[in-house]
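Report on the following structure.
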Amino acid sequence: MPDDEYSDVLSVAERHTHDWLASIAERPIDPPADVEEVKDALGRELADEGQDAAAVVDHLATAIEPGLIAMASPRFYGFVIGGTYPAALAADWLVSAWDQNTGSRTPTPGAAAVEELAAAWLLDLLGLPEGSGVGFVTGATMANFSCLLAARGSVLRAAGWDVERDGLQGAPRVRFLAGDAVHSSMVVAGRMAGFGLPRTVGADAQGRIDVDGLAAALGEDDGPAIVALQAGDVHSGAFDDFAAAIAVAHAAGAWVHIDGAFGLWAGASPSLRHLVAGYEAADSWATDAHKTLNVPYDSGVAIVADEAAMAAALAIHAAYLPEVGAVAEPYDHTPELSRRARGIPVWATLRTLGRRGVADLVDGLVASARGLADGFAATPGLEVLNDVVFTQVCVATEDDALTLALADRLRGDGVVWASPSRWHDRAIVRFSVSNRGTDATAVDQTIGAVRSALAEVREAVVPAATE
């Protein structure tokens, strides 16, 4: 294939990429076009004849842009979604250009080498056991799922059942336990692993698991058990008491998994490491680098202390694949045989930031969250509902309708985007600080936008409610 086959089309893509990145800081965050309008702009019918590749990409970028949300804005607080470091974005472009199926070390030694280094660096940064199995998957849900499959095999083997050989039918029942604030990602991972819904054992007001409730639930039976803890509650940002909960679970012979989609990164900060004290004693961990580390999608990470248990659950063997060697293959640690080299942008980000830079990133996100909380708490009629220990800030007004109207107005104004939710039977607006660009200026702009929007909706909603 001649090189000039790519030149024009990549030039078009690069131009649109630069235009998009240059617009993010100031463009309205909410997309002005809906799905049907984007379909109309793209053209709904597939033509009989093809078109020039550069023209197609130009048309795609032009038509889709009105339907894109500015998730990388420093004032986007919806869900838990980070921005993108330049090195991570550039590395991701290279991953697409190289087009390596990163399943095995033998055909793709370059990609495997980078991912193995990224995995070792992650374990070191987070203070997790050296030699743990690490798999680069799509996101936190698949990371949780991968870890639960390893957990399932391990606890059933201890009970005398080989689930990898014989399946789940007829196997001893695996008890799946979690706190009341368990995240939906953990719930769906448990469903996919065949456990059904987790049995919840209680939680405090901030969402931390009730350790006494966990001990009582584990004491009801001596069968195989898996306990799901969390590093960073999706509403409060709270962290479970890992030392106490892990000790209770291990005393009962249970496997402990930690869902740390965004909160696991507290372990990389000397000033925040107390939040995850004792978490290194767990059996598996899940996180998502596209959140706190600001790596582009996809970038989930599954970590299992017992690498052999991870490989037993996930490894793929076939006559056409390389023979099993002394070193684990990439496809021993993920549910996929074929995948892109997701670990390369992680490596590029870690190499760019260094140990101190990662700590500064996490500390900066927490500082911005606390700045938002201080500003919101000083705003008449606005209440901060959670203890801001990490990157989550939940606010509410005195009335559910007013709170939801505030969220709608913010999205309509386009300056700030925050997620409406419900917590402790109250409508709330949740601000997840995940973007490296959310600095003091962005915090001040956000507080101003929220105060302005609150004044507008109070004027509109409260009189209407009293008429």
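The values are calculated or read from the model by the stated rules, or taken from the named source; none is laboratory data. Note that the structure is a prediction, hence the values are computed from the model and not measured. All Cβ positions, even for glycine, are placed from backbone atoms using ideal geometry, and neighbour counts span all protein chains on display. Just so you know, the surface numbers come from the protein's heavy atoms only, side chains and all, with ligands and any DNA or RNA stripped out. Shrake-Rupley method; radii C 1.70, N 1.55, O 1.52, S 1.80 Å.
Calculate the length of the line joining the C-alpha centroid of the range 394-467 to that of the range 132-168, in whole Å.
41 Å
Rounded, prolate or oblate: which fits the range 399-467 when a ≥ b ≥ c are the square roots of the eigenvalues of the alpha-carbon gyration tensor, with rounded for a/c under 1.5 and prolate only if a/b beats b/c?
oblate
Considering only DSSP beta bridges where both residues belong to the range 165-245, give the percentage that are antiparallel (nearest 5).
Taking every DSSP beta bridge within the range 165-245, about 25 percent pair in antiparallel fashion.
Under 1.5 on a/c is rounded, so check that first for the range 3-151, then, if it is not, pick prolate when a/b is larger than b/c and oblate when it is not; a ≥ b ≥ c are the square roots of the alpha carbon gyration tensor eigenvalues.
prolate
Give the accessible surface of the range 202-270 per residue, rounded to a whole number of Å², with probe radius 1.4 Å and ligands, DNA and RNA excluded.
Spelled out: the 1.4 Å probe surface of the range 202-270, per residue, equals 28 Å².
For the range 357-467, with all protein chains present and a 1.4 Å probe, just round the carbon and sulfur fraction of the accessible area to a whole percent.
Roughly 51 percent of what the probe reaches on the range 357-467 is carbon or sulfur.
Give the ranking of Phe390, Phe79 by solvent-accessible surface, highest area first, calculated with a 1.4 Å probe.
Phe79, Phe390
Quick one: Kirkwood hydrodynamic radius for the range 254-336, alpha-carbon pairs, angstrom, one decimal?
It works out to 14.5 Å.
Report, by chain and number, residues whose modeled amide H sits under 5 Å from the one on Ile258, excluding near sequence neighbours (fewer than 5 apart, same chain).
Counting only residues 5 or more places away or on other chains, the set is Leu229, Ser284, Trp285, Ala286.
Per residue Cα convex hull volume for the range 208-273, in cubic angstrom?
Expressed per residue, the convex hull around the Cα atoms of the range 208-273 is 85 Å³.
Could you give me the percent of Cα pairs per 20 Å distance bin for the chain, shortest bin first, beginning at zero and ending with the bin that holds the maximum distance?
23, 52, 24, 1
What spacing in nm lies between the two simple spin-label points modelled at His250 and Asp387, each 7 Å away from Cα in the Cβ direction?
The answer from the label model is 2.5 nm.
Applying the Karplus parametrisation 6.51 cos²θ - 1.76 cosθ + 1.60 with θ = phi - 60° to the phi angles of the range 13-26, what ³J(HN,Hα) value in whole Hz is obtained for each residue in order, glycine and proline being reported as x?
Those phi angles translate into 4, 5, 4, 5, 4, 4, 4, 5, 5, 5, 8, 4, 4, 10 Hz.
Obtain the nm distance between the two label points defined at Thr17 and Arg356 by a simple spin-label model: each point lies 7 Å from its Cα along the Cα-to-C-beta direction.
3.0 nm
Order these peptides, 170-178, 89-97, 6-14, by their mean beta-carbon neighbour count within 10 angstrom, highest first.
Packing order, densest peptide first, comes out as 170-178, 89-97, 6-14.
Enumerate the residues in the range 98-118 having an amide nitrogen under 15 Å from the point lying 7 Å beyond the Cα of Leu10 toward its Cβ.
98-100
For the range 94-189, with every protein chain kept in place, what is the accessible area per residue (1.4 Å probe, Å²)?
Counting only protein heavy atoms, the per-residue value for the range 94-189 is 42 Å².
Let me have the 222 nm mean residue ellipticity of the chain computed from DSSP H runs of 4+ only, each contributing -39500 (n - 2.57), with the sum over all residues rounded to the nearest 500.
Theoretical 222 nm ellipticity from helices: -14500 deg cm²/dmol.
What percentage of the solvent-accessible surface of the range 124-260, computed with a 1.4 Å probe over protein heavy atoms, is contributed by carbon and sulfur atoms?
50 percent
On the principal axes of its Cα set, how long, how wide and how thick is the range 168-281? Give whole Å, largest value first.
48, 26, 25
If I model a spin label as a point 7 Å beyond the Cα along the Cα-Cβ vector, how far apart are those points for Leu42 and Leu337 in nm?
Each label point is offset 7 Å from its Cα along the Cβ direction, giving 3.0 nm.
How large are Rg and Dmax for the range 1-59 when only the alpha carbon atoms are used, in Å?
Gyration radius and largest Cα-Cα distance of the range 1-59: 14.8, 41 Å.
For the range 224-234, what does the Karplus curve 6.51 cos²θ - 1.76 cosθ + 1.60, with θ = phi - 60°, yield as ³J(HN,Hα) per residue in whole Hz, taken in order and with x for Gly and Pro?
Whole-Hz 3J(HN,Hα) from phi for the range 224-234: x, 8, 10, 10, 9, 10, 9, 10, x, 5, 5.
Indicate the gyration tensor shape class of the range 135-212 (rounded, prolate or oblate), computed on the Cα atoms with a ≥ b ≥ c the square roots of the eigenvalues: a/c under 1.5 is rounded; otherwise a/b larger than b/c is prolate and the rest oblate.
oblate
Given Cα positions, please report Rg to Rh for the range 101-252, the hydrodynamic radius being the Kirkwood one.
That ratio equals 1.00.
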